[in-house]
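Everything below concerns the one structure shown next.
The values are calculated or read from the model by the stated rules, or taken from the named source; none is laboratory data. Source: prediction; values computed, not measured. Here the Cβ positions follow ideal geometry from the backbone for every residue, glycine too, while neighbour counts run over all protein chains shown. Remember, those area values only see protein heavy atoms, side chains included, never the ligands or the DNA or RNA. Shrake-Rupley method; radii C 1.70, N 1.55, O 1.52, S 1.80 Å.
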Amino acid sequence: MIRRCGAALAAMCLLLSGGPLVAQDAPVPTAFQPRIERVKVGEIEMGYYARGAGAPLVLIMGLGATMSDWDPALLEALSHDHTLIVIDNRGCGFSSDTAQNHTSIAQMADDTAGLVAALGYDRVDVLGYSMGAMIASQMAIRHPQILRSLMLLAPSPGGSHEVPPPPGVLEAIAHHTLALPQVLALFFPEDPAGQEAGRALVLRAVAGRKAGTIPAAPACSDETGSRQVEALRQFSASDANYETLPAIAAPTLVMGGRADKVLPPANAQTVAQRIPFAWSAYFEGGHLFWAQSRERVIAVLRAFLQ
């Protein structure tokens, strides 16, 4: 059953199938119920849902993950001040794909820009996580006119300036082959605080799923996972993104986890140094630092978005 779950929250499936964790730090879910919409964008249909009120904020998930993999507590907090547009990348969740493999970081940036245009927004704030941060940076480069601001969580500059993940990590994430202990060890520090933060995130996700506030998106297929891994390899094989980062004009916030094993924080530092006048902030935690240091991350995001 774990193979069918989103990469970042694969441990959630263990709980839903009766896994042994004590319920704690799971907030009472709100009455919000997501309504999944699909919009034609080029050759595909993109799935998304909207939540909250205020300026539009597009959220882009990472490798092998769907709209279901965001921390419910993060969404709840951000929705107080913004209309969240929570999307699925092509081939994942509620978004379709083509028979031919057109998946690339640039193409997924174009997909998201097309969705923004189809929804009738002139300008939006964009928040991307991990692979989603790479997509978001390409949006800022390829479609600068639609970005009001840019938030990059655990990004990579790509090319020869990237500090790469350990061997085999991308494939394991993309194909959902990680068991619960491996998920917690990879995405959170292997100390008591980190592991407790991982378990707490899983419990929040379970509470959101059970209450219906978090949609049960279909998992990314193995084929989509392979396409995304290849897209990341192409991104890492070229210095094109690194070279064009200084062209980003949108106000930018770069965030990283000090103990990130998947994309070490040196990557975020490089990205922040390349983007003119970018803010940068680093937090306790690993690749899912925004769940472990959630309250501090939310405070910084709100300060930036004011």
Inter-centroid distance (Cα atoms) of segment 210-264 relative to segment 109-144, Å: 12 Å
Radius 14 Å from Cβ of Val254, net charge of other residues (Lys, Arg +1; Asp, Glu -1): +1
Calculated over segment 34-120: convex hull of Cα atoms, volume per residue (Å³): 88 Å³
Contour excess over end-to-end distance, with Cα ends at Arg142 and Thr177 and 0.36 nm allotted per residue: 9.2 nm
Full-extension gain in nm, Ala55 to Gln273, via 0.36 nm per residue minus C-alpha separation: 75.7 nm
Paramagnetic label zone (point 7 Å from Cα along Cα-to-C-beta, Arg233; backbone N under 17 Å) in segment 84-102: 101-102
Helix-derived mean residue ellipticity, 222 nm - over the chain, DSSP H n ≥ 4, -39500 (n - 2.57), to 500: -11500 deg cm²/dmol
Dipole magnitude (debye, nearest 20) for segment 67-131, charges at Cβ of Lys, Arg, Asp, Glu: 180 debye
Rounded to 5, percent antiparallel among DSSP beta bridges of the chain: 30 percent
Taking the chain and dividing mean pair separation by its residue count, relative contact order in percent (alpha carbons under 8 Å, at least six apart): 24 percent
Charged-residue dipole, Cβ positions (Lys, Arg, Asp, Glu), the chain about Cα centre, Debye nearest 20: 440 debye
Accessible area in square angstrom per residue, the chain, 1.4 angstrom probe: 38 Å²
Which of Leu150, Ala99, Ala247, positive extreme of dipole for the chain (C-beta unit charges): Leu150
Label-zone membership for segment 90-113, site Lys40, 7 angstrom Cα→C-beta point, backbone N under 16 Å: 96-98
